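The structure appears below as structure tokens.
The values are calculated or read from the model by the stated rules, or taken from the named source; none is laboratory data. Source: prediction; values computed, not measured. Positions of Cβ are backbone-derived with ideal geometry, glycine not excepted, and every protein chain shown enters the neighbour counts.
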Amino acid sequence: MSMQQLQAADGHRLDAFVARPQGTPRGALVVLQEIFGVNSHIRAVAQGFADEGFVAIAPALFDRQQRGIEMGYAPEDIQRGRQFKTAADPSLALQDIAAAIAEGAQYGKVGIVGYCWGGLMVWLAACRLDGLAAAISYYGAGVPDQAALTPRCPVLMHFGERDNSIPVPSVEAFRQAQPQVEIQLYPADHGFNCDQRAAFEPQSAALARQRTLEFLHRHVG
């Protein structure tokens, strides 16, 4: 695992955490952060995918605002993270994501996975960027509001039934609008995949991971 720099199309240089597998990669996976930066949880997630054979690349999407953002999950971190998210320009974030996709392409097919705000950016990337073989979104707040978009690659989404920020009726409306998207619901709250959060649900996280890996093996390698 290491940090390296990527360059977006507009010349912006951003950091990315890269975790590499032992042996020949199955392909690459871009890992998109929550609102807390490329913190220890996102690095651990990336390493977990590297252990499964993928070169995992986690771009620092807040580098355009401030470099080295890495936060925990305390109330003040959530407030600060929301400020960074609000200030982030999605079109510029997509340029940074495109740079990570281009970096991953040297290893074969490229998938993308993201959490929280990163889950929304996964959906936008799947619909607006080329070069992706698969996209997986975890509890992407705001995704149901973008139901009119058309994905360019297969998409899997994980949502929590108890997630008040993404009510189940809005998820079901999205499902109706996007019948080709695979949507899975879990008896869990927002952030259920993160073992550093009170909302962590081990069984739901394990099942979502199993489904995610099966999806990646099917479409990436």
For the condition touching a Pro at 6+ places or on another chain (Cβ under 8 Å), at pLDDT 95 or above, farther than 25 Å from SER91 by Cα and not acidic (Asp, Glu), what is the one hit in SER170, SER204? SER204
Hey, does the stretch 176-184 have a residue that's within 18 Å of the chain's Cα centre (by Cα), among the hydrophobic types (A, V, I, L, M, F, W, C), part of a loop (DSSP other than H, G, I, E, B) and under 21 Å from GLY48 (Cβ atoms)? no
I'm checking my understanding of the structure. Among residues of the stretch 1-17 that are among the hydrophobic types (A, V, I, L, M, F, W, C) and assigned to a loop (DSSP other than H, G, I, E, B), which one is farthest from ASP195 (Cα to Cα)? ALA9
Taking the stretch 185-221 on its own, how many of its residues are part of a loop (DSSP other than H, G, I, E, B), of a type in the set (Gly, Ala, Ser) and within 17 Å of the chain's Cα centre (by Cα)? 1
Mind checking which residues of the stretch 172-209 are surrounded by 19 or more Cβ atoms within 10 Å (Cβ to Cβ) and closer than 17 Å to ALA147 by Cβ? PHE174, GLN178, VAL181
Which residues, taken from the stretch 18-45, are assigned to a strand (DSSP E or B) and farther than 19 Å from LEU216 by Cβ? GLU34, GLY37
From (1) of a type in the set (Ser, Thr, Tyr); (2) touching a residue at least 12 places away in the same chain (Cβ under 8 Å); (3) assigned to a helix (DSSP H, G or I), pick out the condition that doesn't hold for SER91. (2)
Those residues that are outside any loop (DSSP other than H, G, I, E, B) and under 20 Å from PRO187 (Cα atoms), I need them from the stretch 127-146; list them, please. ILE136, SER137, TYR138, VAL143, PRO144
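Conditions (1) modelled with pLDDT of 95 or more; (2) β-branched (Val, Ile, Thr); (3) over 15 Å from ALA93 (Cα atoms); (4) surrounded by fewer than 22 Cβ atoms within 10 Å (Cβ to Cβ), marked per residue:
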{"site": "MET1", "(1), (2), (3), (4)": "no, no, yes, yes"}
{"site": "GLY11", "(1), (2), (3), (4)": "yes, no, no, yes"}
{"site": "THR24", "(1), (2), (3), (4)": "yes, yes, yes, yes"}
{"site": "ALA28", "(1), (2), (3), (4)": "yes, no, yes, no"}
{"site": "GLU34", "(1), (2), (3), (4)": "yes, no, no, no"}
{"site": "ALA44", "(1), (2), (3), (4)": "yes, no, yes, yes"}
{"site": "GLY48", "(1), (2), (3), (4)": "yes, no, yes, yes"}
{"site": "GLY53", "(1), (2), (3), (4)": "yes, no, yes, yes"}
Pull out all pairs, ordered by first then second residue, where Cβ-Cβ is under 8 Å, the residues are six or more apart or on different chains, the first lies in the stretch 148-162 and is under 11 Å from VAL181 (Cβ atoms), and the second is among the β-branched types (Val, Ile, Thr) and part of a loop (DSSP other than H, G, I, E, B). PRO151/VAL181; VAL155/VAL181; LEU156/VAL181; MET157/VAL181
Residue that is hydrophobic (A, V, I, L, M, F, W, C), over 20 Å from TRP117 (Cβ atoms) and at pLDDT 95 or above, where the choices are ALA135, ALA177, ALA147, ALA188: ALA177
Cβ-Cβ under 7 Å pairs, at least 6 apart or on other chains, the stretch 33-56 side touching a residue at least 24 places away in the same chain (Cβ under 8 Å) and under 24 Å from ALA141 (Cα atoms), far side outside any strand (DSSP E or B) and charged (D, E, K, R): ILE35/ARG82; ILE35/LYS85; PHE36/ASP77
Limited to the stretch 154-175, what total is found for residues that are of a type in the set (D, E, K, R) and either at positive phi or assigned to a loop (DSSP other than H, G, I, E, B) (or both)? 3
